[in-house]
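Inspection log for the structure reproduced underneath, given as structure tokens.
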Amino acid sequence: MGVVALAGGVGAAKLLRGLVRVVPPDELTIIGNVGDDVEIYGLHISPDLDIIMYTLAGIVDEWRGWGVTGDTFNCLETLAKLGFETWFKIGDRDMAVHIARTKMLRDGLRLSQVTSHLCRMLGVKARLIPATDDLLRTKIQSGDRTLDFQDYFVKRRTADNVTGVFFEGADKAEAAPGVLEAIRSADRVIICPSNPVLSIWPILSIQSIRRELEAFKRPIVGVSPIVGGKALKGPADRVMASLGFEASAYGVAKFYHGLLTHFVIDSVDWECKERIEELGVRVTATNTLMKSLEDSVRLAKTVMEAA
Ligand code: GDP
């Protein structure tokens, strides 16, 4: 019994803040992307896990979309004065979380154990599990260059044309403890409105997770992150197009072909409905813009009622 959600960062967090008000939080398992994880100043940072954790703890900086609300940047400013690069913005409270995570990892805990501890201490009731405890890093190819994910995403502000993506470590990465069991016993799996290529694909690149989802006999419900042919935030539309996928709700359904049973698309994309249904996927068209908590709750209800 229960619900499993595959999640990236901001788009996922917006749906999840609604989902925890529709599903009892102890019945929700969130499988988070770790392909964006990065080491900065010797600290292990898990940006997608953090966005979800801060959102569900009610402390996310909603205006920025990342970090802790009301945070200060004294530590980062001092690092800049000391001659360090500070393109990856980390607030003081956020920094404390990275210090704690890094210390626990150095003490020998696994990322899944550390994440569970951080969530408990911050009052997050849903279960958040990193897709894997093993090394998995998203790499971006642009022509003959290979970029680390955060170099592409934050430092270079997604300016490079993405000609390929690969996931270092994916061939050896095992699903973190609890991931496969949660999928196996779930009533439904939700694929959050995250960047399909950069946030969900790293999770699906772990063979055991993909196999478990392919064998899943109950509904797998996606929400399109592409609305009217555009990403609401970030480069999802550009990256899909440059990798040869249509930048549309249909393109996302095609990307998840073989997994999705139901797809929630935005009402403005109703003309994609028929083509998506030809893929054998049932479609619900509704307003998918989550500007307020009420929007998130309404969309979460739609996702739970699909099928
Ligand atoms: P990132 O890791 O911060 O890039 O976050 P994600 O991968 O979770 O999400 C980025 C995607 O979320 C983009 O493609 C956005 O279009 C999508 N997104 C953000 N807000 C919303 C929303 O309110 N509704 C829908 N449908 N998609 C959204």
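The values are calculated or read from the model by the stated rules, or taken from the named source; none is laboratory data. Note that the structure is a prediction, hence the values are computed from the model and not measured. FYI the Cβ positions are ideal-geometry reconstructions off the backbone, even for glycines, and counts take in every protein chain you see. Heavy atoms of the whole protein, side chains included, go into the accessibility calculation; ligands, DNA and RNA do not. Shrake-Rupley method; radii C 1.70, N 1.55, O 1.52, S 1.80 Å.
Entry remark, region 256-277: residues being more than 12 Å from the ligand (Cβ to nearest atom) and in a helix (DSSP H, G or I) number 8 in total. Of the residues making up region 227-239, those that are part of a helix (DSSP H, G or I) and near the ligand (Cβ under 9 Å from one of its atoms) number 2. Residue pairs whose Cβ atoms lie under 8 Å apart, separated by 6 or more positions or on different chains, with the first residue in region 276-296 and at positive phi and the second open to solvent by 40 Å² or more (accessible area, probe 1.4 Å) and of a type in the set (Ser, Thr, Tyr), do not occur. Scanning region 183-196 for residues that are surrounded by fewer than 21 Cβ atoms within 10 Å (Cβ to Cβ) and either out of contact with any Lys or Arg (no Cβ under 8 Å at 6 or more places or on another chain) or outside any strand (DSSP E or B) (or both) returns 184, 185, 187. Summed over region 88-100, the residues that are assigned to a loop (DSSP other than H, G, I, E, B) and open to solvent by less than 70 Å² (accessible area, probe 1.4 Å) give a count of 3. Residue 214 passes every criterion in (1) near the ligand (Cβ under 9 Å from one of its atoms); (2) open to solvent by 10 Å² or more (accessible area, probe 1.4 Å); (3) at pLDDT 95 or above apart from (1). The numbered conditions (1) within 19 Å of residue 7 (Cα to Cα); (2) exposed (fewer than 14 other Cβ atoms within 10 Å of the Cβ); (3) small (Gly, Ala, Ser) are all true for residue 112 except (2). Within the option set 251, 222, being under 21 Å from residue 210 (Cα atoms), assigned to a helix (DSSP H, G or I) and either without any contact (Cβ under 8 Å) to a residue 12 or more places away in the chain or open to solvent by less than 50 Å² (accessible area, probe 1.4 Å) (or both) holds for one residue only, 251.
Exactly one residue out of 136, 122 is open to solvent by less than 30 Å² (accessible area, probe 1.4 Å) and not β-branched (Val, Ile, Thr), and it is 136. Against the test of being open to solvent by 70 Å² or more (accessible area, probe 1.4 Å), under 25 Å from residue 95 (Cβ atoms) and within 16 Å of the ligand (Cβ to nearest atom), the options 107, 148 yield a single qualifying residue, 148. Only one entry of 171, 160 meets the criterion of being open to solvent by 60 Å² or more (accessible area, probe 1.4 Å), over 22 Å from residue 54 (Cβ atoms) and not aromatic (Phe, Trp, Tyr), and that entry is 171. Screening residue 280 against (1) modelled with pLDDT of 95 or more; (2) within 10 Å of the ligand (Cβ to nearest atom); (3) open to solvent by 40 Å² or more (accessible area, probe 1.4 Å) leaves a single unmet condition, (2). For residue 206, are the conditions met, namely being crowded, with 18+ Cβ neighbours inside 10 Å, within 16 Å of the ligand (Cβ to nearest atom) and aliphatic (A, V, I, L, M)? Spelling it out, it is not the case that residue 206 is crowded, with 18+ Cβ neighbours inside 10 Å, within 16 Å of the ligand (Cβ to nearest atom) and aliphatic (A, V, I, L, M).
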